[in-house]
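Below: one structure, written as structure tokens.
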Amino acid sequence: MDHDEILRWLRETDPGRIEELWAHADRVRRDMVGDEVHLRGLIEISNHCVQQCGYCGLHRHNKKVQRYRMSREEIIGCIRQAVAFGYGTVVMQSGEDYGITTEWMADIIRWTKANTPLAVTLSFGERPDDDLKRWREAGADRYLLRFETSDPVLYAHIHPPLPNRTSDRFALLRLLRELGYETGSGVMIGIPGQTYDTLANDICAFREMDLDMIGVGPYLSHPDTFLGIPGGGYPRIDPAEQVPNAEDMVYRVVALTRLVCPEANIPSTTALATINKDSGREQGLARGANVIMPNLTPQTYRALYEIYPAKACIDEAAGHCADCVQHRIRSIGRQVGRGPGFRVTHSP
Ligand code: SAH
């Protein structure tokens, strides 16, 4: 499937044809990665951040955020819960927080690999090469870093560079792969200034990079960010070219991503569940996705990790999320995945 065909699917208006896209993506998902849905327990370990992203509520200048950083004991408590709930992976995520020191995190990774059967996924932003290397040596299996958009002008706008630093997420993704991490990336859908053409390029980039994991979700406006302010000065584009941050568009991107990267692990994301709390997760799973990331963050911190408002599950306890996702998976005739759920590889 080339760029122009992807573009046609993104703009398709015939409901019958769109049903064909869902069915095709679901078939490819079943043939390539099976009916198992892998559970990755998400621990949002800190909301401190040095970056100033225009989309994210945790950016450094947002004085309204009450900042937290979980202790080693709290994190290990959550990791033990991941084991108890039968999850195969623990995902630790945070703002870009240098209070998370290299060795402190390496020790938590080593503890997890020595004491649990879990795969360890990290998502700590654009850390120095040496940190990524040392965490890999400590046993981390995977790293998530979305490139957010493949349009360099739009990226520079939504992710203003820090003084004396460049931000090249594509270079970091290449390094992660060289270090032996399973590498995950993705984009937001409906960023102000994002065109259909750009989004089709993003999907082509997923294939070119041969990503192991691809997460996509709707852009959700946060009132305490510059992109969230009406008229927030984003690149002016023809309104007919602007991608909507609509549920249907997210499913299209999930489905097309499955078609261009048939072996990838693709989550039905929390942002998708946020715009359709009743059935967003299930519909994502039925249109190409095969992973869910239930939240393990202690309730005291959940609401403080506000990357966007009204995030799904902020009031739930971790045990409730575990029961809820397992029920949702079974209700659509799928099974909860066993083991860490590494990427499958089919020989050519
Ligand atoms: N600091 C880490 C983790 C960020 S949160 C990093 O930068 O990689 C993980 C993802 O949430 C981001 O990559 C982004 O794609 C998504 N996200 C952040 N703010 C969002 C918003 N307002 N709407 C939708 N998704 C958002």
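Cα-based Rg of the chain per 2.2 N^0.38 Å, rounded to two decimals?
Numbers: Rg = 18.9 Å, N = 348, 2.2 N^0.38 = 20.3 Å.
That works out to 0.93 for the chain.
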> So between TRP104 and VAL153, what do we pick up on full extension, going 0.36 nm a residue minus the alpha carbon distance?
Replying inline: 14.0 nm
>> Rounded to whole Å, give me the distance from the Cα center of the stretch 71-106 to that of the stretch 291-348.
In response: 15 Å
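With +1 on each Lys and Arg Cβ and -1 on each Asp and Glu Cβ, and nothing else charged, work out how big the dipole of the stretch 220-280 is about its Cα centre, in Debye to the nearest 20. Present the calculation step by step, with values, prior to reporting the outcome.
Values: 4 positive and 7 negative charges, 12 e Å.
I would put it at about 60 debye.
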> Measuring with a 1.4 Å probe in the full set of protein chains, what accessible area per residue, in whole Å², belongs to the chain?
Replying inline: 41 Å²
> Points 7 angstrom from Cα along the Cβ direction at ASP248 and MET1: gap in nanometres?
Replying inline: 1.7 nm
> Taking the Cβ-Cβ separation of ILE229 and GLU137 as r and a Förster radius of 35 Å, what is the calculated FRET efficiency to the nearest 0.05?
Replying inline: 0.25
>> Per residue of the stretch 57-62, what does 6.51 cos²θ - 1.76 cosθ + 1.60 with θ = phi - 60° give for ³J(HN,Hα)? Whole Hz please, x for Gly and Pro, Karplus curve as stated.
In response: x, 8, 4, 4, 8, 7
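Please report how many Lys pairs in the chain have alpha carbons closer than 25 angstrom, counting only residues at least 8 apart along the chain or sitting on separate chains. All intermediate terms of the calculation are to be shown ahead of the outcome.
On the way: LYS63/LYS311; LYS64/LYS311; LYS113/LYS133; LYS277/LYS311.
Number of lysine pairs found: 4.
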> Ordered by residue, what ³J(HN,Hα) values in Hz, to whole numbers, does the stretch 209-219 give under the Karplus form 6.51 cos²θ - 1.76 cosθ + 1.60, where θ = phi - 60° and Gly and Pro are x?
Replying inline: 7, 6, 5, 7, 9, 9, x, 10, x, x, 5
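Relative contact order of the stretch 67-219: what whole-number percent is it, with Cα pairs under 8 angstrom and at least 6 residues apart?
On the way: 189 pairs, mean separation 30.3, N = 153.
Result for the stretch 67-219 is 20 percent.
All other residues with a Cβ under 12 Å from the Cβ of THR112 taken together, and with Lys, Arg as +1 and Asp, Glu as -1, what is their net charge?
Values: positive: ARG72, ARG80, ARG110, LYS113; negative: ASP107, ASP141.
Counting the neighbours of THR112, the net charge comes to +2.
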> If ligands, DNA and RNA are left out, what is the accessible area of PHE226 with a 1.4 Å probe, given in Å² to the nearest 10?
Replying inline: 70 Å²
>> Just to verify a number: FRET efficiency for ASP129 and SER279, C-beta to C-beta distance, R0 = 30 Å, to 0.05?
In response: 0.10
>> Once you keep just the Cα pairs under 8 angstrom separated by 6 or more residues, what percentage relative contact order results for the stretch 8-111?
In response: 33 percent
> What is the Cα centroid distance between the stretch 39-66 and the stretch 147-192, reported in whole angstrom?
Replying inline: 16 Å
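Given the Cα-Cα distance of ILE76 and ASP210 and 0.36 nm per residue of separation, how much length would full extension add, in nm? Don't jump to the answer; show the numbers that get you there.
Details: separation 134, 0.36 × 134 = 48.24 nm, distance 3.24 nm.
Additional length available on full extension: 45.0 nm.
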> Where q = 0.20 Å⁻¹, what log10 of I(q)/I(0) comes from the Debye formula for the stretch 247-340, counting one point per Cα?
Replying inline: -1.03
>> If the rule is a partner Cβ under 4.7 Å, which cysteines in the chain fail it?
In response: CYS49, CYS78, CYS204, CYS261, CYS313, CYS321, CYS324
> Amide H to amide H, which residues 5 or more places from GLY215 or on other chains are under 5 Å from it, using H placed in the peptide plane?
Replying inline: SER185, GLY186, VAL187
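The values are calculated or read from the model by the stated rules, or taken from the named source; none is laboratory data. On a predicted model such as this, the values are computed, not experimentally measured, just so you know. Don't worry about glycine lacking a Cβ; one is built from the backbone with ideal geometry, like all the others, and counts go over all protein chains shown. Note: areas computed on protein heavy atoms with side chains; ligands, DNA, RNA excluded. Shrake-Rupley method; radii C 1.70, N 1.55, O 1.52, S 1.80 Å.
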